[in-house]
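Asks: What follows is a structure written as structure tokens; I'll ask about it next.
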Amino acid sequence: MDLTLYQVDAFASRQFEGNPAAVCPLDKWLPDSIMQAIANENNLAETAFFVPEGEGYRIRWFTPLMEVDLCGHATLASAWVLFHLLDYHGDSIRFNSRSGTLMVKRDEEELVLDFPAQPPVPCDTPAEITGAFNNTIAECLRSEDYIVIFKNEQDVKAAKPDLILLEKLDLRGVIITAPSHQYDFVARFFAPRYGIPEDPVTGSAYTQLAPYWENRLGSKKFRVKQLSQRGGQLSCRVVNNRVHIWGRAVLYMEGKIRIDSF
């Protein structure tokens, strides 16, 4: 069996920026073990698979180690492939997922993700997080991930966490964030438990960060910088119980993979 595979740099305006995702369109689902093996072989933060369903598609995401409930950048990459390479002619795409209905719309040169908000709640700081970071932690919250609040942008930029400690946490990962002078806030994301030491740009993180910063700053729309090595910029806005996330994407590679048997 031959399958088409695309690699797309998401939340990027040119190649080698943002977060690379693999996208594998399917006519019908492969066995989970094969999709997991493909994701492991790709060795990217996420590989997205989707199949036609109803008036849209059902989408699933796999890290090199396991399936996840929500992924922003691989959804953006999947929508980009549909709009630009697979002749999808509508202005919006409906993806059904483990996290409910996800919409992606065209907005001139950008795409807009429409995701459910995941407001975080304050929590005690786990000992693993306290031990993993040398920086002073101002506040800790939790939702799908732990959200660690630092005093300033430099603390986020300079952080060198102990990933072995973070791997022991019970949630998907750890987001660190702080206010910024050039942007509304900055962030980084670590998920070693899922095989992602540091994610370049994490769309789903902003479903948690946007509600937090809305409460703190009194604003609903934000310009954000994710301070990974590759880096990425995006905008997000809280709309009722949803978060809209704007981003661009660029094709890096298109090819075929051959699955001999399963």
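Asks: When segment 36-57 is examined, which residues are found to be of a type in the set (Asp, Glu) and at pLDDT 95 or above?
Replies: Matches in segment 36-57: 41, 46, 53.
Asks: With 83, 95 as the choices, which residue is assigned to a strand (DSSP E or B) and surrounded by 15 or more Cβ atoms within 10 Å (Cβ to Cβ)? Break it down stepwise before answering.
Replies: On the way: 83 fails: assigned to a strand (DSSP E or B).
The unique qualifying residue is 95.
Asks: Can you tell me which residues in segment 186-211 are buried (at least 22 other Cβ atoms within 10 Å of the Cβ) and of a type in the set (Phe, Trp, Tyr)?
Replies: 189, 190, 206
Asks: List every residue pair whose Cβ atoms sit under 8 Å apart, with the two residues 6 or more apart in sequence or on different chains, where the first one lies in segment 53-66 and is assigned by TED's automatic domain parsing to the domain that holds residue 105 and the second, anywhere, is surrounded by fewer than 15 Cβ atoms within 10 Å (Cβ to Cβ) and assigned to a loop (DSSP other than H, G, I, E, B).
Replies: That search, which allows pairs on different chains as well, returns 60/98; 64/43.
Asks: How many residues are surrounded by 14 or more Cβ atoms within 10 Å (Cβ to Cβ), farther than 12 Å from residue 244 by Cα and not hydrophobic (A, V, I, L, M, F, W, C) when one looks only at segment 111-130?
Replies: 6
Asks: Just one of 228, 219 is exposed (fewer than 14 other Cβ atoms within 10 Å of the Cβ), among the small types (Gly, Ala, Ser), part of a loop (DSSP other than H, G, I, E, B) and outside the structural domain of residue 76 (by TED's automatic domain parsing); which is it? Lay out the reasoning, then the answer.
Replies: On the way: 228 fails: exposed (fewer than 14 other Cβ atoms within 10 Å of the Cβ).
Only one candidate passes the filter, namely 219.
Asks: Also: Could you count how many residues in segment 84-94 are in contact (Cβ under 8 Å) with a residue 24 or more places away in the chain and out of contact with any helix residue (DSSP H, G or I) (no Cβ under 6 Å at 6 or more places or on another chain)?
Replies: Within segment 84-94, residues that are in contact (Cβ under 8 Å) with a residue 24 or more places away in the chain and out of contact with any helix residue (DSSP H, G or I) (no Cβ under 6 Å at 6 or more places or on another chain) number 4.
Asks: Something else about it: Look through 136, 125 and report the one residue that is in a loop (DSSP other than H, G, I, E, B), at pLDDT below 95 and farther than 19 Å from residue 200 by Cβ.
Replies: 136
Asks: Here's something else I'd like to know. Please enumerate the residues belonging to segment 47-98 that are within 15 Å of the chain's Cα centre (by Cα) and among the basic types (Lys, Arg).
Replies: Hits for segment 47-98 are 60, 98.
The values are calculated or read from the model by the stated rules, or taken from the named source; none is laboratory data. As the structure is a computational prediction, the values presented were derived from the model and not from experiment. Glycine also receives a Cβ, built like all others from the backbone with ideal geometry; neighbour counts cover every protein chain displayed.
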